[in-house]
Amino acid sequence: MSTAVADLELTVRRMGDAHTVELRFTLPDSDAEVRPASGTARFDLPALRALARAPDAYGRALTKALFDDGRVHSAFTAMRAAAEAQGADLRVHLAVDASAPELHLLRWETLRDPDRDAPLATSERTLLSRYLASADWRPVKARALADLRALVVIANPAGLPADLPAIDAPAELAGVQRALGDGPDSPAASNPIAVTPLAGPATIDAITAELRNGYDILYLVCHGALVDGQSLLYLADASGHAVPAAGDDLVRRIGDLGTPPRLVVLASCQSAQMTLDDEGALAALGPRLAESGVPAVVAMQGNVSMDSMAAFMPVFFSELRRDGLLDRALAAARGAVRDRADWWMPALFMRLKSGRLWYVPGLAVGANQSMDERWEALLARIGEGRCTPLLGPGLHESLFGSTRDIARRWAEQYHFPLEPHAREDLPQVAQYLATSKSDAEFPARKLSETIRAELWSRFGARLPATPTMPSLDELLTAVGALRRREIETEPHRLLAALPFPVYLTTNPDHMLADALGEVDPARAPQVRSCRWRDEHDPEDPLFAKALVYPPSREHPLVYHLFGQMQAPDSLVLTEDDYFDYLIGVTRHAADIPNRVLSALTNTALVFVGFRLDDWIFRVLFRSIAALEGGAGRHARFPHVAVQVDPEESRLLEPDRARRYLESYFGHESITIYWGSAEDFTADLYGRWLRAQLPAPAPAGDRIVTDDQWVSIDGTRLARRRAGPPEGRPREPGPQ
């Protein structure tokens, strides 16, 4: 597959007795949209239904209906030619508007190329999927391939209707495990997706309860039927007997999950001979699941034969593991069964513009950059004491949610009146609360209350019993210690084990200081906050410029740029706070310790846990540029590693993100680490440890590095394990 992809969104809407077709096209490496084209289409639904058992004839009739208007046909041809001229694949998002729900049941996967009379759905150069917008505003984040987990549910209850044969559950499970690389005889065992079969009867309660444990893929095999236009699924009751469950109930339950699966695969397999007995009951759930918040759904438009599924699924998951692109993987899998009568049945419903399910963590370097050289430069700066980590809110997402999660909860609770996309912008929502409550300190109190409640909800049952509800400080201390014990790659723990003399943070908690004291009690840090309000007392030890001792590797400094929870008026939360901060930090620059100024302007900065388009990231850089020597610092320190978290619809492509940063900073020496905060800190710490190994390595030892693991003599080092002995960082070792 080529690296470049052009996007074509083809939208069909009802207009009276006819339908309109609109084509919107965007070339790769460009955010500019080519002028849209439009035309009309007339779908003869009874005639199409009469061709249901002749997929080739059905596809030609559907293609004629869609492309019969010369304007639509010529626009499609021209747009594909423009993509091919740039060596790009064409990603076709076929969107059925809410005004035409009857078109969801059409077999769009049988569409043929109007110029070449070949199926579009089996081409790996023209990637076809059904695109669905969603009212769900939760961000869709890709995940690292090594972290993917799949829940497999095979509903084979007792007492099925006589015309529905039993499903061979052991064979189905073994096939899924082989396809996902998690079976003993899997050809992809070196790169598996972890498989968990549902224990016990396949009830809706059991399925949703298990999904709360966090899965990326739900693979559901069951029988289904359409009754009066409603999807029914033959699941089980608590005793294991067949119960027809409303498909809409499953959709609602999955949509209500805090984090729904990223991919749901719905399969109805019956026998070696193809049947259409379920009339698309599972496919009818695809649009509903996508609209409820599931990023991608693969659903069968009938009872696909087990032989076809046995050939289809291994190819689909194998290709998905290769690059994470759902539409390309599905096209390749359809191609593997193109000679079968049911090749067209798998349908892909997506709300992912990029089509990407996972990513591989690592540095995203340009054509003139070497990843190894960038890492070497960064590690050299750390060794020289001329590198400073700067911590952002992404470090806390696994603890109490992201700032966007908090903003959405507040927006719903307090009826935030602005446009939907602003509901996840914490500064805007906090500004609304401060204004509507006529209380500038309300957002800070609300933040403390929200974090405390969320920490207790997520971790309270695993903390030591206390006679009263712990304070926020006590909860942060206890939860931080718990996480560092349980997760070897907990980011604060790894950063505290690195020899930084100065740590800068935009986070208001004390977890970093706790981690430093836990890793090495002799290294307990000094802690200060930035004085950006006139009201802050410069003699207060919290804001004092004077330090007890100069920061060093042995005695580091933790400096809070955007305030601390213990001083609510020091927090930067609302839009007004951000504007005031930019003014105040310049006015009070003389109150910033010299070592902090030097760290900001005379060292390489390593950003951990930031998103490029958040207020906190942009204001932070404006404040650095405003400091004396800040504007020209990048020319002297070109090796700046910026860690960003891949998120759908927010600069998911590394090259575009890098160009954005190059434009923002005004030069071309920006290095992005593509991955989560956990990915980045684990990679950084592992590389630092390996750089400290004696050279040459002992005879017989061979060190091998890839994007996920480090191996010595072929033995992989663990990413997660129990925490270190008290006060000592434990280095990774063999599993």
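The values are calculated or read from the model by the stated rules, or taken from the named source; none is laboratory data. Predicted model only: the values in this text are computed from it and were never measured. No Cβ is skipped: glycine too gets one built from the backbone with ideal geometry, and neighbour counts run over all protein chains shown. When the accessible area is computed, the model is the full protein with side chains, heavy atoms only, and any ligands, DNA or RNA have been set aside. Shrake-Rupley method; radii C 1.70, N 1.55, O 1.52, S 1.80 Å.
Quick check: with the 1.4 Å probe, what order do D117, D577, D540, D339 take by accessible area, largest first?
Correct descending sequence by accessible area is D339, D117, D540, D577.
Give me the accessible area of S438, 1.4 Å probe, in Å² rounded to the nearest 10.
110 Å²
Over segment 340-405, give the accessible area per residue in Å² for a 1.4 Å probe, as an integer.
About 31 Å² of surface per residue is accessible.
What Rg and what Dmax come out for segment 441-566 when only alpha-carbon atoms are used, in angstroms?
For segment 441-566, the Cα radius of gyration and maximum Cα-Cα distance read 15.6, 42 Å.
Just to confirm my numbers, what's the Cα centroid distance between segment 571-618 and segment 325-363 in Å?
After rounding, the separation between the Cα centres reads 43 Å.
Which value, in Å², gives the accessible area per residue of segment 430-527 when a 1.4 Å probe is used on the protein heavy atoms?
Roughly 40 Å² per residue, with all protein chains present.
If you roll a 1.4 Å probe over segment 18-81 with all protein chains in place, what percent of the accessible area is carbon or sulfur?
53 percent
Counting other C-beta atoms within 10 Å, and keeping those with at most 16, which DSSP coil trypsin sites (Lys or Arg not before Pro) do you find in segment 418-472?
Those that pass, being in a loop and sparsely packed, are K437.
Using a 1.4 Å probe on the protein chains only, how many percent of the accessible area of segment 482-597 belongs to carbon and sulfur?
Carbon with sulfur: 54 percent of the solvent-accessible area.
When you count, for each residue, the other Cβ atoms within 10 Å and take the mean per peptide, how do 399-405, 95-101 rank with the highest first?
399-405, 95-101
Leaving out ligands, DNA and RNA but keeping every protein chain, what accessible area does E575 have, in Å² rounded to the nearest 10, with a 1.4 Å probe?
50 Å²
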